[in-house]
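Novice: Sharing a structure below in C-alpha cells format, with a few things to ask.
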Amino acid sequence: MSAKILLDATRPGATISRHIYGHFAEHLGRCIYGGLFVGKDSNIPNVNGMRTDVVEALKKIKIPVLRWPGGCFADEYHWEDGIGENRKRMVNTNWGGVVEDNSFGTHEFMELCEQLGCEAYICGNVGSGTVREMSEWVEYLNSDSDSTTCQRRWANGRKEPWGVKFWGVGNENWGCGGNMRAEYYADEYRRFQTMCRSYGANRLYKIAGGPNDADFHWMEVLMQRCKPMMDGVSLHKYTVPKTWEDKGSATEFDGDLYLTTLRKAYDMERVVSGHETIMDRYDPERKVGLIVDEWGCWHNVEPGTNPGFLYQQNTMRDAMVAALSLDIFNRHAARVTMTNIAQTVNVLQSMVLTEGDEMVLTPTYHVYDLYTPHMDAALLPCSVQSPALTGEVQQLTATASQKDGVTTLTVTNLSAVDGCEVEIDAVGLSLTGAEGRILTGEVHDMNTFEDKEKVTIKAFDGIEATEKGLKLTLPACSVVTLTLRG
Ligand code: AHR
C-alpha cells in the first residue's frame, strides 16, 4: 500500500483554536468524584481535593477548556446547592440514581480549572432552573460589585470574580434538558441569555443548546431566530458502533465492526458540513462558532460495572476514532471553534482511567498528546491520496499546521492490518528531514492497571529524505507526529 501527502506551507488558513482540544466532565459515575476530586482528607495525593496525578496528566496535554457540570446533569443542577456549608444532598436521577452530596460545586470547579490552567465552560440549567437562578450564577462568578450575591462569594472564600467566559444555555434541550421543540427552545434561549450579563471587561461567550446529530431543522430554527444573540451553537454526536440498545463491547470487536466504527465516526464530516452550510447562509462572516461539546465513542459499559456510570475501556480503535475526528474538526476550523470529548476521566471515551490511587492513560490520551502542536496553529492545505478503506474513509487521514515557524504534520494509518508507504512533499518548503513521535499497536491494544504502558508514544525514526521530499512507512493502526525540517 502506498500514499502521497502534499501540504502547502505558502497558504496558511484558519487558526485551529486550541479549544478544539477541549474536554468535558459531568457529575456522572466516577468522573468528578474519585476521578478528578477526592477531597482534601483523602490518602490519594491531592491539592485542595484535586488528584495530583490526574491534574498533572491533563496539564501535559495542555487541556485548554473544561465543560461542567453536565450533560444531562446540568439541567437538574442548582448551583446554590453546591456552595457554602451544609450542602444539599440530591438524587442524580440521570446517572445511576446515586446520592450527589454537592461537595464538588462552583468553588471546587473553579479551583480545578485554576490548577489545570484551563478555561471554564459552564453549562447553566434551563430544563429545571429559572432565569433568575442562571442570571445570579453569572453574577456570583463574574461580578466585581458588593451585591448581596457577591458578598456570598466573599463569605465562601473568594474575593475576586473568576471571569468565566464560556456559558452554555442548557444542554440537550431536545431531550434530557426539557424535551423541547426547536421553536420553543429558541424563545427560551432568547429569554435566558438576555439575563446573562457581561461584567467588567469580561464578555460572556453565550452558547445555545444545539442540535442532536443531523437534526438540521434545529440548527435552521436557532440560526433564524437567535443568531444575533449567540456566540456559539453546540452540537452533540456520538460514535455508537452497533445500536443504542446494544452499542457493542469496548474491547471485543471484529474487523467488520472496526470498519463500521470508522464509517460512523467519519459521519461527523457530513453532519458538521451540513450544519456549516446552514450557518453560512445566516452568518457568512462566521461569527457564530460551532461547538461540538459532546462527541466520542460510546460502547457498552465494562461488564460488572454500574450501567449508569458509563465506564468503558479504551483501545487503539478509540485512538483511531479520535484522530479521524480531530482531523475533521481541524479541517473545519473556520467554523468549529471548540469541541469537548466525552468525558475526561472514567466515563465514555476518556483520557484517564482511575482505580483507587492508580491511574492509567488511555490510547486516546496519547492522541491528544500527539496533536498539541496544532493548538492555535494555522491550518495548512493538505491533500492526502491513499487507498479507500471503507465507504468514504481513506486509509490515511492527516492535519498539517504551522505555528511560530514550525510546521507539523500528523498522519494516521487507520488500517488495522496494512502498513503504508507514504511520500510527503510540501509546497514552500524544501524538506530535509523530520523529528517523529508515534503511537501504534494492534487495534485491540489498551492500557490496563496491570499493564499501564502497553500503548504509549515512542520516538519514530525511519524518515528518509529523498529528492522529492520525505518517505516513511507507517505501521498499521498508528498515529505519527512529524515536526518537519526544511
Ligand atoms: O455524556 C453523557 C451524556 O450524553 C450527557 O449527559 C448527555 O448530554 C448526552 O446525552
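The values are calculated or read from the model by the stated rules, or taken from the named source; none is laboratory data. Bear in mind the structure is a predicted one, so any value in this text is a computation, not a measurement. FYI the Cβ positions are ideal-geometry reconstructions off the backbone, even for glycines, and counts take in every protein chain you see. Only protein heavy atoms, including side chains, enter the accessible area calculation; ligands, DNA and RNA are left aside. Shrake-Rupley method; radii C 1.70, N 1.55, O 1.52, S 1.80 Å.
Novice: Helix 106-116 against the longest principal axis of the chain: what's the angle in degrees, Cα atoms only, rounded to the nearest 10?
Specialist: Once rounded, the angle reads 30 degrees.
Novice: Report the accessible area of residue 420, computed with a 1.4 Å probe over the heavy atoms of all protein chains in place, in Å² rounded to the nearest 10.
Specialist: Here the accessible area works out near 0 Å².
Novice: Over region 1-153, with the other protein chains present, what is the accessible area per residue in square angstrom, probe 1.4 angstrom? The partial results should precede the final answer.
Specialist: Numbers: 5840 Å² over 153 residues.
On a per-residue basis, 38 Å².
Novice: Follow-up question, since we're still on this one. Tilt of helix 216-226 relative to the longest C-alpha principal axis of the chain, in degrees (0 to 90, nearest 10)?
Specialist: 50
Novice: Tell me which lysines have Cα within less than 25 Å of residue 59's Cα, excluding those fewer than 8 residues away on the same chain?
Specialist: Straight-line reach from residue 59, under 25 Å: 40, 165, 403, 452, 454, 458.
Novice: In nm, to one decimal, how far is the residue 62 label point from the residue 89 one, both placed 7 Å along Cα→Cβ?
Specialist: Reported label-point gap for residue 62 and residue 89 is 4.4 nm.
Novice: Across region 195-204, in residue order, what do the Karplus-derived ³J(HN,Hα) couplings come to in whole Hz, using 6.51 cos²θ - 1.76 cosθ + 1.60 with θ = phi - 60° and x for Gly and Pro?
Specialist: These are the phi-based 3J(HN,Hα) values: 8, 8, 8, 8, 10, x, 7, 7, 9, 5 Hz.
Novice: For q values of 0.09, 0.11, 0.20 Å⁻¹, compute log₁₀ I(q)/I(0) with the Debye formula on a Cα-only model of region 342-486, without solvent.
Specialist: Cα-only, vacuum Debye calculation for region 342-486: -0.31, -0.46, -1.27.
Novice: Sorted by accessible area (1.4 Å probe), largest first, how do 298, 174, 79 line up?
Specialist: Result of the area sort, largest leading: 174, 298, 79.
Novice: Hey, can you find the accessible area per residue of region 338-485 for me, probe 1.4 Å, expressed in square angstrom?
Specialist: For region 338-485, the solvent-accessible area averages 37 Å² per residue.
Novice: If you don't mind, there's one more thing I want to ask. Loop only per DSSP, at most 14 neighbouring Cβ atoms within 10 Å: give me the GluC sites (Glu not before Pro) in region 246-347, ordered by residue number.
Specialist: Numbers: sites: 252, 269, 276, 285, 294; in loops: 252, 285.
Hits after loop and neighbour filter: 252, 285.
Novice: Accessible surface of residue 190 in the full protein assembly, 1.4 angstrom probe, to the nearest 10 Å²?
Specialist: Near enough 90 Å² of accessible area.
Novice: Using a Förster distance of 25 angstrom, determine the FRET efficiency expected from the C-beta separation of residue 473 and residue 427, and round it to 0.05. Provide the component values of the computation, followed by the final result.
Specialist: On the way: r = 24 Å, r/R0 = 0.94.
With a Förster radius of 25 Å, E is 0.60.
Novice: For residue 268, what accessible area in Å² do you get when you roll a 1.4 Å probe over the heavy atoms of the protein chains, rounding to the nearest 10?
Specialist: 10
Novice: Each residue of region 391-397 in turn: what ³J(HN,Hα) in whole Hz from Karplus with 6.51, -1.76, 1.60 and θ = phi - 60°, glycine and Pro shown as x?
Specialist: Per residue, the Karplus-derived 3J(HN,Hα) values read x, 8, 7, 8, 5, 10, 9 Hz.
Novice: Mind listing the long-range amide H neighbours of residue 174? Cut-off is under 5 Å, sequence gap 5 or more, other chains count too, H placed in the peptide plane at 1.01 Å from N.
Specialist: 180
Novice: Which of the trypsin sites (Lys or Arg not before Pro) across region 420-476 are loop residues per DSSP, with 16 or fewer other Cβ within 10 Å? Walk me through the numbers on the way to the answer.
Specialist: Numbers: sites: 437, 452, 454, 458, 468, 471; in loops: 452, 454, 468.
Hits after loop and neighbour filter: 452, 454, 468.
Novice: Could you tell me what percent of the accessible area of the chain is made up of carbon and sulfur, with a 1.4 Å probe and every protein chain present? Kindly include the intermediate steps, with their values, before the conclusion.
Specialist: Numbers: 8740 of 18440 Å².
Looking at the chain in its full context, I get 47 percent from C and S.
Novice: Related question: List the residues whose amide H sits under 5 Å from the amide H of residue 293, counting only those 5 or more places along or on another chain, with H placed 1.01 Å from N in the peptide plane.
Specialist: So residue 293 has HN proximity to 235, 340.
Novice: With labels modelled as points extended 7 Å from the Cα through the Cβ direction, what inter-label distance (nm, one decimal) is found for residue 101 paired with residue 227?
Specialist: Modelled inter-label distance: 5.0 nm.
Novice: One-quarter of the Cα convex hull surface for the chain, in nm²?
Specialist: Spelled out: convex hull of the Cα atoms, projected over all directions, averaged, 21.9 nm².
Novice: Quick check: residue separation of residue 154 and residue 452 times 0.36 nm, minus the Cα distance between them. What number comes out in nm?
Specialist: Values: separation 298, 0.36 × 298 = 107.28 nm, distance 4.33 nm.
Additional length available on full extension: 103.0 nm.
Novice: Assuming R0 = 30 Å, what is the FRET efficiency of residue 302 and residue 41, from their Cβ-Cβ distance, to the nearest 0.05? Display every interim value, and only then the final one.
Specialist: Numbers: r = 29 Å, r/R0 = 0.96.
After rounding, the FRET efficiency stands at 0.55.
Novice: To continue, here is another question. Using a 1.4 Å probe, what is the accessible area per residue for region 159-252, in Å²?
Specialist: On a per-residue basis, region 159-252 sits at 43 Å².
Novice: Continuing with this model, one more query. Given axes a ≥ b ≥ c from the Cα gyration tensor, I'd like to know whether region 200-244 is rounded (a/c under 1.5), prolate (a/b larger than b/c) or oblate.
Specialist: Numbers: a/c = 5.96, a/b = 1.81, b/c = 3.29.
Since a/c reaches 1.5 but b/c is at least a/b, the shape of region 200-244 is classed as oblate.
Novice: Going by a 4.7 Å Cβ-Cβ cut-off, which cysteines of the chain have no partner at all?
Specialist: 31, 113, 118, 123, 150, 196, 226, 297, 382, 420, 477
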